Amino acid sequence: MHSITLTQFLTEERRAGFGNTDLIQLMEVVARACKRISVATGKGALGGVLGEAGTDNVQGEAQKKLDVLSNEILLDANAWGGHLAACASEEMEDPQPIPDAYPKGGYLLLFDPLDGSSNIDVNISVGTIFSVLRRPENAGVEPGVGEFLQPGSAQVAAGYVVYGPSTMLVLTLGHGTHVFTLDREVGSFLLTRRNVRIPEQTSEFAVNMSNRRFWEPPMQRYVDDLLAGKDGPRGRDFNMRWVASMVADVHRILTRGGIFSYPLDRRNADKGGKLRLMYEANPMAFIVEQAGGAASTGRGRILDIRPEALHQRVPVFLGSREEIAVAERYHRPTT
Ligand code: AFP
């Protein structure tokens, strides 16, 4: 198949006025780092990288060796690029400013270096998720947490890389969502789908059903009606899929439609949900909206949330537009 490379695609985007040279080069650096993560995940047991790192991250979750390695790869690659002021990661409590020894730029990069990492040891797809913000106009000398607390609608780029049977990069610069496949022999990402569109309707849902008893009543009613299929109010059967790797679940939805949900449950309600707003929900919401889908907390658009903390969590519903509207109707207060 003849296809253009990521570099050619980004050059075209810049010529079309979508992104400046700095942003385009930043995307190249992130993509290069993800190729290294792809090599490390691909080696599996042979690379000695499986298993626990023996440490906890800022959220108190046990870190895998590959979580730590992926975080380091992304930090190292981006330190000297000259396009960033600071990075923030799921694996670090505070943002890391670009060291003084290196040139600094006007962007902020947030990432979940290896999402779904509890799947690594069983050889199921994992992924990197990233989000790019511009430094605010009134930025101080040293970029602090406050600079990162911008709504998702302010993102200038977002993407994910799924390390599965093939390694794929999905990217938006705010003008459509595009898919690239890594040609492992050549070492280049090649454009394999331009302007992805998520089907507006779906008969497939993704949720961790074992949490049902902890959900709020509207969520229980919504999923019960999906399960009732032809015999219930929805009048048709629904299929279920759950990889437990958000990147893989979202990638399926981008490919054939569906609804992905990680709702509030009693155990995570005081934290606001399970998934993180700044480097999971926001970038995925941007990607999905740019592909014609929708992304909601069940009660409002994710990209409109005004963040209060770097590691804030939110309930997430994303995917086929019409199905998100249905899920939101169940969550609307009845009078
Ligand atoms: P890990 O990175 O700890 O594996 O968590 C992955 C994740 O945040 C997201 O990718 C999945 O959708 C979700 O957790 C799966 O959660 P459950 O294990 O509760 O199904």
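The values are calculated or read from the model by the stated rules, or taken from the named source; none is laboratory data. All figures in this text were calculated on a predicted structure; none of them were measured in a lab. Heads up, the Cβs are rebuilt from the backbone with ideal geometry, glycines too, and the neighbour counts pull from every protein chain shown. Keep in mind that these areas ignore ligands, DNA and RNA; they rest on the heavy atoms of the full protein, side chains included. Shrake-Rupley method; radii C 1.70, N 1.55, O 1.52, S 1.80 Å.
With a simple spin-label model that places each label point 7 Å from the Cα along the Cα-to-Cβ direction, the separation between R194 and D231 comes to 4.9 nm.
P(r) tail, the chain: Cα-Cα pairs separated by more than 35 Å, 18% of all pairs.
With a cut-off of 12 Å between beta carbons, the residues surrounding M219 carry a summed charge of 0, where Lys and Arg count +1 and Asp and Glu -1. Helical runs assigned H by DSSP (4 residues or longer) give the chain a calculated mean residue ellipticity at 222 nm of -9000 deg cm²/dmol, each run adding -39500 (n - 2.57) before division by the residue total.
Here the range 145-187 was treated as a single set of alpha-carbon atoms; its pair distances binned every 5 Å from 0 give 6, 18, 22, 17, 14, 11, 7, 4, 0 percent.
Taking every alpha-carbon pair under 8 Å whose residues sit at least 6 apart, the range 59-134 reaches a relative contact order of 27 percent. Taking every DSSP beta bridge that has both ends in the range 204-331, the antiparallel portion is near 75%.
For the range 6-193, the alpha carbon convex hull comes to 123 Å³ per residue, rounded to a whole number.
3J(HN,Hα) couplings calculated from phi for the range 70-84 with the Karplus curve 6.51 cos²θ - 1.76 cosθ + 1.60 (θ = phi - 60°) are, in sequence order, 5, 4, 5, 4, 5, 5, 4, 4, 8, 4, 9, x, x, 10, 10 Hz; Gly and Pro show x.
Quick one: how many Å² of M168 are accessible to a 1.4 Å probe, rounded to 10? Spelled out: M168, probe radius 1.4 Å, area about 40 Å². Only lysine pairs 8 or more places apart, or on different chains, with alpha-carbon atoms under 18 angstrom apart are counted in the chain, and they number 4. The calculated Kirkwood hydrodynamic radius for the range 204-331 is 14.6 Å, given to one decimal from all distinct C-alpha pairs. Phi angles across the range 261-267 convert, under the Karplus curve 6.51 cos²θ - 1.76 cosθ + 1.60 with θ = phi - 60°, into 3J(HN,Hα) values of 9, 10, x, 5, 9, 3, 7 Hz, Gly and Pro given as x. The relative contact order of the chain, computed from alpha carbon pairs under 8 Å that lie at least 6 residues apart in sequence, is 15 percent. The phi torsions of the range 309-319, fed into the Karplus equation with coefficients 6.51, -1.76 and 1.60 and a -60° offset, translate into couplings of 8, 4, 9, 4, 10, 9, x, 10, 10, 8, x Hz, rounded to whole numbers, with Gly and Pro shown as x. For the range 195-311, the solvent-accessible area of protein heavy atoms averages 42 Å² per residue (probe radius 1.4 Å; ligands and nucleic acids excluded).
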